[in-house]
1. Once you have a ≥ b ≥ c as the square roots of the Cα gyration tensor eigenvalues for segment 81-169, tell me rounded if a/c is under 1.5, and otherwise prolate or oblate according to whether a/b is larger than b/c.
2. Order of 41-52, 210-221, 166-177 by packing, highest average Cβ count within 10 Å first?
3. Can you tell me the FRET efficiency between Phe159 and Arg20 if r is taken as the Cβ-Cβ distance and R0 is 30 Å, rounded to the nearest 0.05?
4. What does the charge count around Arg50 come to, taking other residues whose C-beta lies under 14 Å from its C-beta (Lys +1, Arg +1, Asp -1, Glu -1)?
5. For the chain, what number of Lys pairs, 8 or more residues apart or on separate chains, have alpha-carbon atoms under 21 Å from each other?
6. Assuming a ≥ b ≥ c are the square roots of the Cα gyration tensor eigenvalues, decide whether the chain counts as rounded (a/c under 1.5), prolate (otherwise, with a/b larger than b/c) or oblate.
7. Report, in debye and to the nearest 20, how large the dipole of segment 92-233 comes out about its Cα centre when Lys and Arg carry +1 and Asp and Glu carry -1 on their Cβ.
8. Tell me, what is the percent relative contact order of segment 92-158, built from C-alpha pairs under 8 Å that lie six or more residues apart?
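The numbers here are math on the coordinates, done by the rules we state, and not lab data. Predicted, not measured: the structure shown is a model, and the values here were computed from it. Quick reminder, even Gly has a Cβ in these numbers, built from the backbone with ideal geometry, and neighbours come from all protein chains shown.
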Amino acid sequence: MAWDSTKGRPEPIRSLNRIREIENGEPLVNIVECVPRIRVTRPATIHYLRQSVAEMLAVAARSLPDGLRFAVGDCFRTLARQQRIYDFMYKSAKEVFPDRSHAAIRRTICRWIAPTDQKAPPGHCTGAAIDLNIEDLDGNELDVWSPYERLAGAPTYVFGLTPQAQTNRDLLVNTMLGAGFSNCRDEWWHYSYGDAGWAVRVGSETCCYGLVHLDPSIVEGHEQLHIASMEGRENPFYKFPKR
């Protein structure tokens, strides 16, 4: 698998940690209530984003062609959820790459999951990041990955997509970038605004969103569902490129 490394910007942890955080105190809002033309695809998803991010998502949703909407997979995450995913990814990578050192495993998994032990908090834990695709009104996701197995074509600017998959991916990317989001070039599905990742991608020295929390009564049920969903989850590195 090859991808166009001239597009997008790398975001190593050291660069994220250099971003100066100027938290603006903006609240988290329920996107199900305030964003049109979306569907949250997972019961465990905590469907909250910072208010400005939700407003930008609404702009993007309204610009989609008729008959299409956003399929939202992930939004805000608690630190506990982020660590849970990180631990799962670490264990999975170690299983597939048993000869790699701890440092090498960290480099491998940090392409897809931010650690919780750094100065810059993970984007999802700031309420600034969202994972999504586009679907039709019957709930059929647009194919943005063929001929790769779904996650093997994770880089946004991967070469070799089928013409239809490339058209669909371009629609997603252009719609989100057009609304002011930035994209993590290692993940076609991940967009954010206002967090450290966004700042690195757009060349800003500061970000406006840091770590944020929701009332435990809002997240408790979602967290229990997420814990249950992680049981028996397939090791993703058997399908990811081995690099």
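1. Details: a/c = 2.47, a/b = 1.52, b/c = 1.62.
Note, shape of segment 81-169 comes out oblate.
2. 41-52, 166-177, 210-221
3. Numbers: r = 36 Å, r/R0 = 1.20.
After rounding to 0.05, the efficiency reads 0.25.
4. Numbers: positive: Arg77; negative: Glu21, Glu23, Glu26, Glu55, Asp195.
The answer is -4.
5. Working: Lys91/Lys239; Lys91/Lys242; Lys94/Lys239; Lys94/Lys242.
Here the count comes out as 4.
6. Numbers: a/c = 1.24, a/b = 1.05, b/c = 1.18.
The shape class here is rounded.
7. Working: 11 positive and 19 negative charges, 148 e Å.
Magnitude of the dipole: close to 720 debye.
8. Numbers: 22 pairs, mean separation 8.3, N = 67.
Relative contact order comes out at 12 percent.
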